[in-house]
1. Pairs only if they're at least six apart or on different chains, beta carbon under 9 angstrom, first in segment 220-239 and modelled with pLDDT under 95, second assigned to a loop (DSSP other than H, G, I, E, B) and among the hydrophobic types (A, V, I, L, M, F, W, C); list them, first residue then second.
2. State whether the residues of segment 119-126 include one that is within 23 Å of residue 241 (Cβ to Cβ), open to solvent by 40 Å² or more (accessible area, probe 1.4 Å) and without any contact (Cβ under 8 Å) to a residue 12 or more places away in the chain.
3. When you check residue 70 against the structure, is it at pLDDT 95 or above and either open to solvent by 20 Å² or more (accessible area, probe 1.4 Å) or of a type in the set (Asp, Glu) (or both), yes or no?
4. If I go through segment 21-45 residue by residue, how many of them are within 27 Å of residue 273 (Cβ to Cβ) and open to solvent by less than 80 Å² (accessible area, probe 1.4 Å)?
5. Run residue 11 past the list (1) on the phi > 0 side of the Ramachandran plot; (2) open to solvent by less than 20 Å² (accessible area, probe 1.4 Å) and report the number of the one that doesn't hold.
6. So, residue 103, is that one open to solvent by 30 Å² or more (accessible area, probe 1.4 Å) and not charged (D, E, K, R) or not?
7. State whether the residues of segment 139-148 include one that is within 18 Å of residue 67 (Cα to Cα), at pLDDT 95 or above, open to solvent by less than 50 Å² (accessible area, probe 1.4 Å) and of a type outside the set (S, T, N, Q).
8. Show the residue pairs meeting these rules: Cβ distance below 6 Å; 6+ apart or different chains; first residue within segment 127-151 and among the charged types (D, E, K, R); second residue open to solvent by 20 Å² or more (accessible area, probe 1.4 Å).
Amino acid sequence: MKVRLAYGEDGLDIEVPDDAATVVAPVHHDAAPDQMAALRAALRDPVAGPPLRERVRKGQTVAISACDGTRPQPRHLMIPAILEELDGVIDPSDVTILVATGTHRGNTEAELRAMFGDRVVESVRIVNHDARDRSTLTYLGTYGADVPVWLNTEWVRADVRITTGFVEPHFFAGFSGGPKLVAPGLAALETVLTLHDAARIGHPSATWGVIEGNPVHDDVRAIAAGTGVTFALDVILNRDKDIVAAFGGDILAMHAAATSAARAVAMREVDAPSTWSSPPTPATPWTRTCTRPSRGCPRRTRW
């Protein structure tokens, strides 16, 4: 059986023996007939709360949080849809797009143009968040289970704060998108390390598809709700990275609706848990020579 793994830009085809594995894949969902129309509908008819345009006033400053280049968010569609909706109310010079890098490196100009498109890059200010630059961060106190929260100062000071992302299962946060575009996306290293500590990630509920009772996502939600988000826009993507559905509105209600839809698109019910056999344990330990003693390992390591 040939299986394509989501590897690199184009994927990686591998052969899987029919008698040695069961392949579970999501049911494919076609893209929305008009992806921009789906985004406009989410902005104008949100899951909860008033439309985006009714939440802004002339003269206000706007900060938009967007995923960095490691994520397949359709920024080239989502950001123009928001800017179009704000047209006539908010001046483009009062809008800042914050690339929610978390602890990743900032994106280059070439990457930003590929992510957002030339028109957005040339008309709106874009700033890479830096989790390690304390001069660009503001301390807001503790939220959730004693998480020290430092967030990007430009985000904190903006009159209007808009998150944009996409929702898919996450292996320890439950689902991506929504409140994660605040923290860890725009948080300080100290905040991110706390949200990713061993106690939280090691909790049995810190796993795929679980939000409520998941200590990681419980704290992420607490931070977003406690520090304030004006409007949130998330999308569900298919395997081709096309928009299947879009959701907008108050961040927690919006994200709850989006995660429900993501379950149908990205997850698959199975009859029973998979079973497997681990490789046999060697009868006697073996010894290898360390090839990088300069990295601090002993020259000979017994396993």
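1. Sorted first by the residue in segment 220-239, then by its partner, the pairs are 238/31; 239/6; 239/25.
2. No, segment 119-126 contains no residue that is within 23 Å of residue 241 (Cβ to Cβ), open to solvent by 40 Å² or more (accessible area, probe 1.4 Å) and without any contact (Cβ under 8 Å) to a residue 12 or more places away in the chain.
3. no
4. 7
5. It is condition (2) that residue 11 fails.
6. yes
7. In the first step, residues of segment 139-148 are kept if they are within 18 Å of residue 67 (Cα to Cα); the result is none.
No; the residues of segment 139-148 include none that is within 18 Å of residue 67 (Cα to Cα), at pLDDT 95 or above, open to solvent by less than 50 Å² (accessible area, probe 1.4 Å) and of a type outside the set (S, T, N, Q).
8. Close Cβ pairs satisfying both conditions: 130/136; 132/189.
The values are calculated or read from the model by the stated rules, or taken from the named source; none is laboratory data. Computed from a predicted structure; not experimentally measured. Cβ coordinates were reconstructed from backbone atoms using ideal geometry, including for glycine residues, and neighbour counts include every protein chain displayed. What goes into the accessible areas is simple: the full protein's heavy atoms, side chains included, and nothing from ligands, DNA or RNA. Shrake-Rupley method; radii C 1.70, N 1.55, O 1.52, S 1.80 Å.
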